[in-house]
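Read-outs throughout are calculated quantities, based only on the coordinates presented, and are distinct from any laboratory measurement. Computed from a predicted structure; not experimentally measured. Every residue, glycine among them, receives a Cβ derived from its backbone with ideal geometry; neighbour counts consider all protein chains shown.
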Amino acid sequence: MKKNVIKILFLIAIPLLWQACSSDDNNDPDPDPNPPVETADVDVYVTTGDESMLFQHVPVSFNKKDNMSPYTVTLSPNTVYQEMEGFGAAFTGSTCYNLLKMSAENRAKLLKETFDPETGMGYSYIRISIGASDFSLGEYTYCDNAGIENFALHEYDKRDVIPVLKEILAINPAVKIMASPWTCPRWMKVDNLTNMAPYNSWTGGQLNPAYYADYATYFVKYIQAMKNAGIDIESITVQNEPLNGGNSASLYMTWQEQRDFIKNNLGPAFYTAGIETKIIVYDHNYNYDNISDQQSYPAKIYADSDAAQFIHGSAFHAYGGDKSELMNIHNAYPDKGLYFTEISIGDWGYTFASDLMWNAREVCIGTINNYCKAVLVWNFMLDADHGPYRPGGCNQCLGAVTLNASNTDVKRNSHFYTIGHLAKVIKPGAQRIKTSGYTATGLYYAGFKNTDGTYGVVLQNESQDARNVTVALDNKSFTYSVPANSMVSYLWEQ
């Protein structure tokens, strides 16, 4: 009988032992990667494609044993790349108009959630339009009557945009502001540079070289007027989507035109006026809208040293081409900054889960790992009817948040969270540092050292399974089971 008992125990023990020793290819063998935490060493923020976790805070402790996990992402802070400037969205005229339809209490709550670096996500960079965009309450510039002496900020900006910007700056005074024109004043336009016929249209046309000096003065006056209104402009792009002459408000501007305008007029005008606002070129798609003689647009401008001396960097959108173009420009001119300034979501197949994954991979982590210093998405807020938008503009776009019909609350869309994941753990002035180690299909990440000595990592798991990922720096490590189809951010003090 005793022999039979021993035999039975042996037969039970063998499969249990085999189960304890086995593991699949994607999981750390630790049986409990997320044990209960008594004292949090690491702040983890998690958003999942199924929306079961939406920027959910999860405290995690450092591992108590030496790290032996093969699923480890290792940070190397002595290898540094670009300095980060910030993350955010566009506060168009439509966004600001919608925000002001909310009660002061509800608006303050949303803006604090978005911009407060301590209690909120800490958005740190926003983009506004110089004059009207395709998401404004009307078509206008700041000098619609011929003659630069007629320059004045528009009533829509004074009523909507500037008050909202001041509310944001009261929450986070360090927020940077980028400004971009969709068009010059119509009286400065010609139909093309051959015919040189006056072109009195908001859509298309080219800048008459005879008005280059006036247009440079226009930028100077704008920056000065905004400063007088209490708003500092960190950077400007010379023209939004310069190769798209078909937007509801637009101006076609080749690299040759932009080079000459900056070299002969805009750069010298900024210098003379003592303006330190950064000049950023291009601001359009990776593929240069497939126009053969406009390929490598920023690089061709940089090749002219007289123009390049005034230029801080170039900006890109993701509506055409591939983010690898960022690396091409960086490799050719590593001293010039790179900025990602626009992508929109909309009713053309949008789902929260699919865009969370695409945007995390292609825009957030993807552009940063290709040397972008800032990442901004398009409208922060649109209403339930996708607007207000201008005729001929996008009538399907969604904002990072959607204002409900009663103007009382918002639906937070994927862009709200993806930018939040960056802004929360990557502070302005942080340096991207080397990350290496664990690689797997659908796993993407980037690491950073902040100026306050903290470290941040942003990681994406695009697989259908959770992955136990360990992050290690020097002699400390921590492990978290990253959910399937999720974006995760880590912040800790080493």
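Data overview
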{"item": "Global geometry of the range 146-279, whether rounded, prolate or oblate, following the gyration tensor of its Cα atoms and the 1.5 cut on a/c", "result": "prolate"}
{"item": "Dipole magnitude (debye, nearest 20) for the chain, charges at Cβ of Lys, Arg, Asp, Glu", "result": "780"}
{"item": "Percent RCO, i.e. relative contact order, over the chain, from Cα pairs under 8 Å lying at least 6 residues apart", "result": "22"}
{"item": "Theoretical gain in end-to-end length, R361 to E83 [0.36 nm per residue, Cα-Cα removed]", "result": "98.1 nm"}
{"item": "Count of lysine pairs in the range 243-373 with Cα separation under 20 Å (8 or more residues apart, or interchain)", "result": "11"}
{"item": "Rounded FRET efficiency, nearest 0.05, which uses the C-beta distance separating S201 from S76 and R0 of 51 Å", "result": "0.40"}
{"item": "Calculated FRET efficiency for the pair S305/A229, C-beta based, R₀ 35 Å, to 0.05", "result": "0.50"}
{"item": "Kyte-Doolittle at least 1.0, axis length at least 27 Å by Cα - qualifying DSSP helices, the chain", "result": "2-21"}
{"item": "Beta bridges per DSSP with both ends in the chain, % antiparallel, nearest 5", "result": "60"}
{"item": "Summed side-chain charge close to P209 - residues other than P209 whose Cβ falls under 13 Å, Lys, Arg +1, Asp, Glu -1", "result": "0"}
{"item": "Shape call, the range 338-395: gyration tensor on alpha carbons, a/c limit 1.5", "result": "oblate"}
{"item": "Theoretical FRET efficiency, 1/(1+(r/R0)^6), r = Cβ-Cβ of Y271 and M68, R0 51 Å, to 0.05", "result": "0.30"}
{"item": "Residue-span extension gain [K411 to N475] - 0.36 nm each, minus C-alpha spacing", "result": "18.8 nm"}
{"item": "Cα gyration tensor, the chain - rounded (a/c under 1.5), prolate or oblate", "result": "prolate"}
{"item": "Selection from Y339, G320, P298 lying farthest towards where the dipole of the range 285-354 points positive, charges on Cβ", "result": "Y339"}
{"item": "Pairwise centroid distance, computed over Cα atoms, of the range 431-494 with the range 183-215, Å", "result": "50"}
{"item": "Chymotrypsin sites (Phe, Trp or Tyr not before Pro) within the range 313-388, DSSP loop, no more than 12 other Cβ atoms inside 10 Å", "result": "W348"}
